[in-house]
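As structure tokens, the structure follows; a few thoughts come after it.
The values are calculated or read from the model by the stated rules, or taken from the named source; none is laboratory data. The model shown is predicted, which means the values in this text are computed figures rather than measured ones. FYI the Cβ positions are ideal-geometry reconstructions off the backbone, even for glycines, and counts take in every protein chain you see. Note: areas computed on protein heavy atoms with side chains; ligands, DNA, RNA excluded. Shrake-Rupley method; radii C 1.70, N 1.55, O 1.52, S 1.80 Å.
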Amino acid sequence: MNIHEYQAKEIFQKYNVPTPRGYVAHSVEEAVSNAEKLGGSIWVVKAQIHAGGRGLGGGVKLARSLEEVKTLSSEILGMTLVTHQTGPEGKLVQKIYIEEGVDIADELYLGVVLDRAQEMPVIMASLEGGMEIENVAHDSPEKIIKVAVDPSIGFQPFHGRALAFGLGLQKEEINNFIKFASALYTVYMENDVEMIEINPLVKTKSGNFVALDGKVGFDDNALYRHPEIEAMRDLSEENPAEREASNFGLSYVKLDGNVGCMVNGAGLAMGTMDTINYMGGFPANFLDVGGGANAQTVAKGFEIILRDPNVKSIFVNIFGGIVRCDRIANGILEATKLVDVHVPVIVRLDGTNAPEAAEILRNANIKNIITATDLGDGARKAVAAAKGELV
Amino acid sequence: MSILVNKDTKVIVQGFTGKEGSFHAEQCIAYGTKIVGGVTPGKGGTTHLDKPVFNTVKDAVVTTGATVSMIFVPPAFVADAVMEAADACIELAVIITEGAPVKDMQKAKAYAVKKNMKTIGPNCPGIITAEECKIGIMPGMIFKKGEVGLISKSGTLTYEGANQVCKEGFGISTAVGIGGDPIIGLSYKQLLPLFEADPETKAIVMIGEIGGDLEIQAAHFIKEHIKKPVVAFIAGQSAPKGKRMGHAGAIISGSAGTAAEKMEALAKAGVHVVQSPAEIGKKVAEVLKK
């Protein structure tokens, strides 16, 4: 689960990770009164959406008067912000953050993420602040200082020194940085964080460090023990179809192709998409119906897949292990009564009770349902059907 | 021969009397697995499925001589269960539970390593030595005994791969579902040498997916140490960046963890890489008939 910048900063402040002062606003009036409350003569108006690249997309602007705060806020609130992370459709800005200006000497990068190979958190720091860290990692990996922290000893001053000296920091900056990194590590550990990125991390002219931005993602599996974080969930930032699917125990991701897929198991679901590609077609979605597939979930799956007007055929690919294929076959028949399935459905059922399932589908003799013998056969037929080449 | 488990392996079940634990323990017993008891705190001294129930793993180990534990406890209690197993000198814990917090698994895995306990999973179908011992939730009937070792992050692709291998007239020695979470127990790199040393295994199928770099590490290892032919498939070639594809670990972050990158590394290591899982069986047959 991801949260907004202003929410990340609320958490940072609780752990003494320095941030500029700021307040979230839902209207232009609120934005102006926030600016007045902050005082000073420079404010930053920042669009709050769950995507990076807001600055380049025109969602972050500097205001030098209250009048400008008003103008910029009315421009940004309600705009559809398109960045490299939002996709071409962009995201509607419903909240903005009004923040005090910061005197910037340098822009750095600081992040904490799980290192899957070492199986412990790794803190990453770089002088290349403001850049996409993936690009820095790709083009000049030597510019990223990485320090793994074994949670059994926790963050120690030597971890901090390795980062600070690695970055070439000087004198009092070193201790300020170590304090900052230590506090950030605590945020990571105590909140079941999946990843934190501060980009940019600002070094001020006085040698202090301030989180100018904050991106935090949490481990969904651990949200049950952090109700205060769960409460930060912004449903309007999540894809409605994906959310609806997850309410029914389905895992759905929309893609750009025209062959809908309904599969059990995440690996087989990806493998099915790959096979559709391999056969010259384009998958319209990823959909894992999970282990407990029944008529209701299958019907919901059809409904969600068919809402996408691009879909020209659907490939149902189930390898029944614990799930019995005859139950799935009945589920499919049941589902066709609940949902108007107007495109060809290619069904491949293998594993437990597959022969019984084939029998059920044959006897039902529904025009739009075409059976397939194996994964390759099913994918081939689904691709042909999407092209209108299957008779 | 086989790897890690066989017909003599004594297994206990943690979370024995729960719905999932009961159902699958019964299936395992029917398959022939030597389930010698189970652990459910508070139910010690009773019997379940005609097997003794213990309050602690230590009691179960002392009484039954079990060396392997199959873990079905709910996600919030998985780390505790794994650490209890390690503390009781269990040699291998097979963690089926889905949805365990990553931080918990990090801690439990570190302790397991310290105690020399091997782990498989979490969020995995388990391990099966065909026609001898099934410790997990896979459908036993598709695994015919044979000469192919299988390692897979994905449950259903394990079944798909095994089924194709058997339909081609070959069989499975041992199949291990290692799970697709960010922190997992035994991985390709630890399992490949076991298959290399197993005289029954003649070829290895390796099924990976996007995210992380375990497949890349495996590629380097295969190049140096594995002589037996390896057939590999990486799921998620058509997955978009930054989107989680079901498994918590299956996400491409930046340019790392893509299927293309993994397939290239494996091909360079001499692995027979197939582009679709539908080709696994055929490729294994081709390799074994050489």
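Return one whole number: the accessible area per residue of the protein assembly as shown in Å², for a 1.4 Å probe.
Numbers: 27080 Å² over 681 residues.
Per residue, the protein assembly as shown has 40 Å² of solvent-accessible surface.
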Item to complete: Give me the net charge of B:Ile222's neighbourhood, meaning all other residues with Cβ under 13 Å from the Cβ of B:Ile222; Lys, Arg count +1, Asp, Glu -1.
Response: +3
Item to complete: Quantify how strongly other chains surround peptide B:104-110 by giving the mean number of their Cβ atoms within 10 Å of each of its Cβ atoms.
Response: 3
Worksheet item: Given springs between every Cα pair under 10 Å in a Gaussian network model of chain A, which of A:Gly39, A:Gly217, A:Gly101 has the largest fluctuation?
Response: A:Gly39
Item to complete: Rank by packing, highest mean first: peptides A:124-132, B:42-50, with packing defined as the count of other Cβ atoms within 10 Å averaged across residues.
Response: A:124-132, B:42-50
Fill in: segment A:172-214 shape via C-alpha gyration tensor axes, a/c threshold 1.5
oblate
Practice prompt. Kindly rank B:64-74, B:269-279 from highest to lowest mean number of other beta carbons found within 10 Å of each residue.
Written response: B:64-74, B:269-279
Worksheet item: So how much accessible area does B:Glu224 have, in Å² to the nearest 10, using a 1.4 Å probe?
Response: 130 Å²
Worksheet item: What's the local net charge at B:Glu279, with K and R +1, D and E -1, over the other residues with C-beta under 12 Å away?
Response: -3
Practice prompt. Tell me what chain A gives for mean residue ellipticity at 222 nm when only DSSP H runs of n ≥ 4 count, each as -39,500 (n - 2.57), the sum divided by the residue total, rounded to 500 deg cm²/dmol.
Written response: -11000 deg cm²/dmol
Fill in: Mean-position separation - Cα centroids, segment B:1-73 and segment A:179-211, in angstrom
46 Å
Practice prompt. Using a 1.4 Å probe on the heavy atoms of the protein chains only, list every residue of segment A:138-167 that has 10 Å² or more less accessible area in the complete assembly than in its chain alone.
Written response: A:His138, A:Pro151
Worksheet item: Please state the relative contact order of chain B as a whole percent: Cα pairs under 8 Å, 6+ residues apart?
Response: 14 percent
Worksheet item: With the dipole of chain A worked out from charges on the C-beta (+1 for Lys and Arg, -1 for Asp and Glu) around the Cα centre, which of A:Ala25, A:Ile322, A:Gly351 lies farthest toward the positive end?
Response: A:Gly351
Response to the item:
Treating only Lys and Arg (+1) and Asp and Glu (-1) as charged, each at its beta carbon, one finds that chain B has a dipole about its Cα centre, in Debye to the nearest 20, of 300 debye
Worksheet item: Most mobile of A:Val60, A:Val343, A:Val210 per a Gaussian network model of chain A (Cα springs, under 10 Å)?
Response: A:Val343
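Interface A/B, total buried accessible area with a 1.4 Å probe, nearest 100 Å²? Mind showing how you got there, number by number?
On the way: alone 18530 and 12320 Å², together 27080 Å².
Using a 1.4 Å probe, the pair buries roughly 3800 Å².
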Discussion item. Tell me the accessible surface of A:Leu250 in square angstrom (1.4 angstrom probe, heavy atoms of protein chains only), to the nearest ten.
Written reply: 10 Å²
Item to complete: Could you run the Karplus curve 6.51 cos²θ - 1.76 cosθ + 1.60 with θ = phi - 60° over segment A:251-263 and give me ³J(HN,Hα) per residue in whole Hz, x for Gly and Pro?
Response: 10, 10, 9, 7, 10, 9, x, 10, 9, x, 10, 9, 9
Item to complete: Please state the charge dipole magnitude for the protein assembly as shown, taken about the Cα centre, from unit charges on C-beta atoms (+1 on K and R, -1 on D and E), reported in debye and rounded to the nearest 20.
Response: 1240 debye
Response to the item:
The answer for A:Ile346, listing residues at least 5 apart or on another chain whose modeled amide H is closer than 5 Å to its amide H, is A:Ile314, A:Phe315, A:Val316, A:Ile370
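What is the local net charge at A:Leu390, summed over the other residues whose Cβ is closer than 15 Å to its Cβ (Lys, Arg +1; Asp, Glu -1)? Each step should come with its number before you reach the end.
Working: positive: A:Lys312, A:Arg348, A:Lys367, A:Arg380, A:Lys381, A:Lys387; negative: A:Asp377, A:Glu389.
Result for the neighbourhood of A:Leu390: +4.
Ordering A:Met270, B:Met263, B:Met1 by how much accessible area each has at a 1.4 Å probe, largest first, what is the list? Intermediate values should be presented prior to the final figure.
Working: A:Met270 0, B:Met263 30, B:Met1 135 Å².
Largest accessible area first, the list is B:Met1, B:Met263, A:Met270.
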Worksheet entry | Threshold 20 Å², segment B:76-101 residues less accessible with all protein chains present than alone (1.4 Å probe) | B:Ala76, B:Gly99, B:Pro101
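Just counting partner chain Cβ atoms within 10 Å, what average do the residues of peptide B:233-244 show around their Cβ?
Details: counts 3, 3, 11, 8, 7, 14, 8, 6, 2, 3, 6, 5.
The mean count of partner-chain Cβ atoms within 10 Å per residue comes to 6.
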Worksheet item: Once phi is turned into ³J(HN,Hα) by the Karplus curve 6.51 cos²θ - 1.76 cosθ + 1.60 with θ = phi - 60°, what whole-Hz value does each residue of segment A:159-174 show in order, with x for glycine and proline?
Response: 4, x, 5, 4, 5, 5, 5, x, 7, x, 6, 10, 6, 5, 4, 4
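Over segment A:21-101, what is the mean sequence separation of C-alpha contacts under 8 Å (at least six apart), divided by residue count, expressed as relative contact order in percent?
Details: 171 pairs, mean separation 36.4, N = 81.
Once normalised by length, the contact order is 45 percent.
Calculate for chain B the 222 nm mean residue ellipticity that helices alone would give, adding -39,500 (n - 2.57) per DSSP H run of length 4 or more and normalising by residue count, nearest 500 deg cm²/dmol.
Numbers: 9 runs with 99 residues, N = 290.
So the calculated ellipticity at 222 nm is -10500 deg cm²/dmol.
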Worksheet entry | Alpha-carbon centroids, segment A:50-127 and segment A:279-348: separation in whole Å | 39 Å
Worksheet entry | For segment B:43-53, Karplus couplings with θ = phi - 60° (6.51, -1.76, 1.60), whole Hz, Gly/Pro x | 10, x, x, 8, 10, 9, 6, 6, 10, x, 10
Worksheet item: Shape call for segment A:240-386 from the C-alpha gyration tensor, a ≥ b ≥ c root eigenvalues: rounded (a/c under 1.5), prolate (a/b greater than b/c) or oblate?
Response: rounded
Worksheet item: Nearest-5 percent of antiparallel DSSP beta bridges in chain A?
Response: 75 percent
Worksheet entry | Percentage relative contact order, chain A, counting C-alpha pairs under 8 Å, at least six apart | 12 percent
Response to the item:
Rounded to a whole %, the carbon-and-sulfur portion of the accessible area of segment A:317-387 at a 1.4 Å probe is 49 percent
Worksheet item: Setting aside same-chain residues fewer than 8 positions from A:Lys37, which lysines have a Cα under 28 Å from its Cα?
Response: A:Lys9, A:Lys14, A:Lys46, A:Lys61, A:Lys70, A:Lys95, A:Lys203, A:Lys205, A:Lys215
Worksheet entry | Shape call, segment A:94-214: gyration tensor on alpha carbons, a/c limit 1.5 | rounded
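Roughly how crowded by other chains is peptide B:279-288, in terms of the mean Cβ count from those chains within 10 Å of each of its Cβ atoms? Can you show the working numbers first?
Numbers: counts 4, 2, 3, 1, 0, 0, 0, 0, 0, 0.
Mean shielding count: 1.
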Worksheet item: Can you pull the percent of segment A:21-101's accessible area that's carbon plus sulfur, 1.4 Å probe, other chains left in place?
Response: 55 percent
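Can you check how the C-alpha radius of gyration of segment A:21-101 compares to 2.2 N^0.38 Å, as a plain ratio?
This ratio for segment A:21-101 stands at 1.02.
Could you tell me what percent of the accessible area of chain B is made up of carbon and sulfur, with a 1.4 Å probe and every protein chain present? Please list the in-between numbers first.
Details: 5680 of 10470 Å².
That share works out to 54 percent.
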